[in-house]
1. Restricting to Cα pairs below 8 Å that are 6+ residues apart, what does the relative contact order work out to for region 2-125? Please round to a whole percent.
2. Just how far, in whole angstrom, is region 63-85 from region 341-355 if you go by their alpha carbon centroids?
3. Ratio of alpha-carbon Rg to the 2.2 N^0.38 Å globular estimate for region 2-125, to two decimals, please.
4. Neighbour counts of other C-beta atoms within 10 Å: give me 296, 365 arranged from fewest to most.
5. For region 311-446, place one equal point scatterer on every Cα, skip the solvent, and apply the Debye formula. What is log10 of I(q)/I(0) at q = 0.09, 0.11, 0.14 Å⁻¹?
6. For residue 436 and residue 410 in the same chain, what is the full-extension length gain: residue separation times 0.36 nm, less their Cα-Cα distance, in nm?
7. Could you check the spin-label model distance between residue 56 and residue 91? Points 7 Å from the Cα along Cα→Cβ, value in nm.
8. Please state, to two decimals, what the Cα-based radius of gyration of region 261-345 comes to when divided by 2.2 N^0.38 Å (N = residues).
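Any read-out appearing in this document is the output of simple, stated calculations on the displayed coordinates, not a laboratory observation. As the structure is a computational prediction, the values presented were derived from the model and not from experiment. Glycine also receives a Cβ, built like all others from the backbone with ideal geometry; neighbour counts cover every protein chain displayed.
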């Protein structure tokens, strides 16, 4: 039964078996060939791949890693925690499919969607609820016409005053309990800080260099943008919100894909965990401000203390410190892998440190830098790893008593001077086991 241009199926029709595979394949191809996918080759390929795979007999679940390799050209071992291009595009793909069936495909009796949590399309017959009206019998109408006399509401007798005092006493008791609990929590945090004197000394000295400390989270969309463009993204381009539209070397489809990615604020769990460990330093918490790289400003990095989370590939603000550092986090595009570069290796040091994955554990590397901010008015800390979990390990090292004591031992000073260091970490299932200090250099405040 049709209602306007909408296909309406009754309950029995909606429960009918799905049509044969050729009909479902034709629907997928029709959606992929619609105007909603005309300017996005990647999303069209994404839809065609998962759609056709889902029509195979006993089709297994399609995994993110598989899509990354088959559709987006990633290597078989690429790190999904660092590169979430599949999840970002899946969000946009679901939106365009929904838009197609609401507009251009509004008369399609068969529809499909890709439920969140997976990548297999699910087909169903379109159903539209139709509001039914029933005639009211005349005798019922006549009974409803006369207005009933209003029922008078008797005033509720006031409760005895004793109940008011009981309620107030209960409220005060709960309030006192909350205050006592908060006081206990505050004392517990303070006691924990007291148990870490070396950590307390380092972070107190750091935070007192300026009234405010900015923790700047990386922007994972920058990493994907750089890979799509095939070249690094400068800080000036990153701050220029219109640089994509002015990139004449890219096709219109590629520019649209980049704009779609760039319009999302993406932060990996490991990077957020790194920031969280610093935010848990209760005594300096009032001085801390958490922000994203795309919202940060040049005036702030010249004026405030700053903690940059992530390397320059995801946090372009880190490029401001390139010339001062011997250890730098770089990216090998040919192997789709991040590594730590040692520009001037000393005896016993490697020229580069690349992650190693085996069945038992993942060995990764990270850099920890402590130096003046660009304005020489405050201090800066850079934490970056070969993946986001390694970045979190760097933060864990710098907020632990063991890590600070090892830095004191290597620098030979109780008041830790400016330095840059390389750490080796190992982990299993995202849990770090240790962070070993491999190499360290002093940084002079010129």
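1. Details: 114 pairs, mean separation 40.1, N = 124.
So the answer I get is 32 percent.
2. Result: 28 Å between the Cα centres.
3. Details: Rg = 15.5 Å, N = 124, 2.2 N^0.38 = 13.7 Å.
Rounded to two decimals, the normalised Rg is 1.13.
4. Numbers: 296 21, 365 28.
In increasing order of surrounding Cβ atoms, one gets 296, 365.
5. Log10 I(q)/I(0), no solvent term: -0.25, -0.38, -0.62.
6. Values: separation 26, 0.36 × 26 = 9.36 nm, distance 1.22 nm.
Separation in residues times 0.36 nm, less the Cα-Cα distance, equals 8.1 nm.
7. Taking the two extended label points, one gets 2.9 nm.
8. Working: Rg = 14.8 Å, N = 85, 2.2 N^0.38 = 11.9 Å.
Relative to the rule-of-thumb radius for its length, region 261-345 sits at 1.24.
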